[in-house]
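These notes are about the structure you will find just below.
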Amino acid sequence: MNGPMNRQPATGLLPAPLRAAPTPGGGEGCVLDEHSQIDARPGTERVARWLRATVGAATGLPLAPLTDASNRIVLELDPGVGERLGPEGYRIVIDRLAVVIQGGGEAGLFWGAQTLRQLLGPDAFRRAPIDPERRAWSLPALDVEDAPRFAWRGLMLDVARHFLPKDGVFAYIDLLAAHKLNVLHLHLTDDQGWRLEIRRYPELTATGAWRTRTKLGHRASPLWDERPHGGYYTQDDIREIVAYAAERHITVVPEIDIPGHSQAAIAAYPELGNTDVIDTASLGVWTTWGINPNVLSPTDTTLRFFENVLEEVLDLFPGTFVHLGGDECPKDQWKASPAAQERIRELGLAGEDELQSWFLRHFGHWLSARGRRLIGWDEILEGGAPDAPLPDGAAVSSWRGYAGGITAARAGHDVVMCPEQQVYFDHRQAPGADEPVPIGYVRTLEDVYRFEPVPPQLTAAEADRVLGAQANVWTEVMEDRRRVDYQTFPRLAAFAEAVWSALPPPPERDFAEFEGRMEAHYARLDALGVSYRPPSGPRPWQRRPGLLGRPIEGSPPIV
C-alpha cells in the first residue's frame with residue numbers, strides 16, 4: 001500500500017485514504033443522472049437503502065434498483081477486499097460506465113458509500129436538491145482503496161451535564177458516520193442529571209433527570225441560569241438511537257458513572273448515599289460543576305440496585321462494552337462512614353482506594369458473567385490488591401494523559417486513548433479573548449491533527465492493546481447543540497483522520513495539505529448545518545462575553 005493520499009487535494013477526501021489514483025482508461029469519470037441505477041448484490045441492501053435516503057434525497061436522483069444496462073452504482077461484498085483490507089476496508093473504482101464499491105464487509109461497503117458522497121460534492125450532504133434543474137452529477141475517474149488504522153474510532157458525548165434531545169443525537173450519529181467514526185460513547189449519568197429511563201426505578205428520571213438551575217460558565221462564575229434544566233431518553237428512544245446507529249455501523253457504548261459522579265441517583269434514591277455520614281434525603285440534583293463529595297455507599301443495597309439498573313442497560317445496548325466511569329471518586333465520606341469502614345474490614349482491604357477497586361471489580365465480574373466487558377476511566381487501575389486485579393477483558397479509557405493507557409497495556413488490558421491534553425473538545429481552540437467560555441488547554445485544529453494514539457514507549461505487542469481512540473465532549477459549558485458543534489468542529493475532522501488514516505509520525509504530518517482538503521470539508525459541514533468554529537475565529541453569535549472560563553496557559557508535559 002502507498003501512504004495516505006496527498007496528491008489528490010482537489011477531491012478533498014477526508015479522512016485521507018490509503019491509496020487514490022486515476023482509473024486507467026476511466027476517461028472523464030462517471031455521470032450519475034435520473035437513469036442511474038443501483039446494482040445491490042447480496043448483503044448490500046442496507047447500504048443501498050442509505051444511498052437512496054441520503055444521496056438520493058440530496059441529488060433528487062431516484063437511484064432505482066437495477067433493471068437494465070444503464071450506468072450504475074455496483075455494491076458488492078468482496079472476500080478479496082476483506083482479506084486484503086479487513087471487514088471495514090473498501091475499494092471504489094469509477095470509470096465512464098459505472099461506480100463499483102466493494103467492501104470487505106458491510107461496514108467497509110458503507111464507508112465506501114461515504115467516500116462516494118464526498119466525491120459528489122458538498123451539495124450531496126444536503127437534505128433536498130437546491131437546484132431542481134440539475135440533472136447530472138459528475139464523479140472523477142478514481143480508483144480508491146482504503147481501510148481504518150484503528151477499530152475504535154469514537155466520540156464521547158456528555159448528555160448528563162446538558163441534555164441533548166434525541167434529534168441532536170441522531171444528527172451526531174450522522175456526523176460520526178460522515179467522518180468514518182464508529183463508536184458513540186454516551187455519558188448518560190452524572191451529578192447533574194440522570195438521562196436514561198430505568199423502569200424498575202422511576203425516580204431516577206422523575207427526580208434525577210431535572211435540576212432547579214444551572215451554573216453559567218466555570219464553577220467559579222457568580223452567574224446562574226435560573227431556569228430548570230433536564231430531560232431523559234425513554235427506553236424506546238434508546239432502542240431507536242441504537243438501531244439508527246447500527247444502520248450506520250456505529251456502536252453506542254453507554255456510561256453509567258459509579259461510584260462517584262452519582263448525586264443525581266442519590267437525590268432520587270437517598271438510600272444509595274452514605275446515610276450514616278450526611279442527610280442524603282436533603283440532596284437534590286447538583287446545579288454546579290466540579291468533583292462532588294457525595295458518592296455511593298459500598299453496601300449490598302447499592303450493589304443490588306445497580307445490578308438491577310444494568311440488567312435494563314444490557315437489554316437496551318447490545319454492544320460488548322459497558323462503561324462504568326470509576327473516575328473522580330472522593331473518599332472523605334467513606335473514611336467517615338462506619339458502614340464503609342466495616343466493609344473494608346470485612347473484605348480485608350487496605351483502605352478506601354481498595355474499596356473503590358473492589359466496587360468496580362464486582363461489576364466487572366458481573367458484566368463478564370453476562371458476556372459483556374467493563375470499560376472505565378483510568379482510575380479503575382488504582383487501588384487493586386496484587387491478588388485482585390481488574391477482571392479479564394476489562395478495558396481502560398486513558399484520559400489523564402497517556403500514563404494510564406501505558407500501564408493498562410503493559411498489564412494486558414485493552415486501551416482506548418483519550419488524553420485530555422490532546423482530545424478533550426471542551427478545551428478551547430485558540431488563546432484569543434473571543435473564545436466562548438475558555439476552558440482548559442489551547443488545542444488547535446493542528447494540535448488535534450498531530451494527535452498520536454499509540455505512545456512510543458509501548459512494544460509492538462503492547463501497542464496491539466490500543467483499540468483506538470476517542471475525542472471527549474464534556475458539556476458543562478455547552479448548553480445546546482450549537483455550542484457542542486462549535487467545540488467539536490472542525491477538530492473532529494482532524495481527529496477522524498488521526499484515527500482512520502495511516503499517517504506518518506506527528507512531526508512529519510503535512511498539516512498544510514490537510515488544511516487544503518479542509519477547504520472542501522468546510523463546505524460539507526455548511527451543507528450539513530454544523531455550527532463549526534471558522535478558521536478566522538468565532539462569529540459574533542458564537543461568542544459568550546462575560547461568562548467566566550478556566551484558562552490554563554501553556555500545557556504540561558504529556559505523561
Exercise. What number, in percent, do you get for the relative contact order of the chain if the mean sequence gap of Cα pairs under 8 Å and at least 6 apart is divided by its residue count?
Worked result: 15
For this session: Give the angle, between 0 and 90 degrees and rounded to the nearest 10, that separates the Cα long axis of helix 338-347 from the longest principal axis of the Cα atoms of the chain.
Result: 70
Exercise. Helix 235-247 versus the longest principal axis of the chain: what angle, 0 to 90°, nearest 10, using Cα atoms?
Worked result: 40
For this session: Between LYS335 and GLU45, with labels modelled 7 Å along Cα→Cβ, what's the label distance in nm to one decimal, could you check?
Result: 6.2
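Every number in this text was worked out from the coordinates using simple rules, so none of it is lab data. Worth saying up front: this structure is predicted, and the values here are computed from it rather than measured. We place every Cβ from the backbone using ideal geometry, glycine too, and count neighbours over all the protein chains shown.
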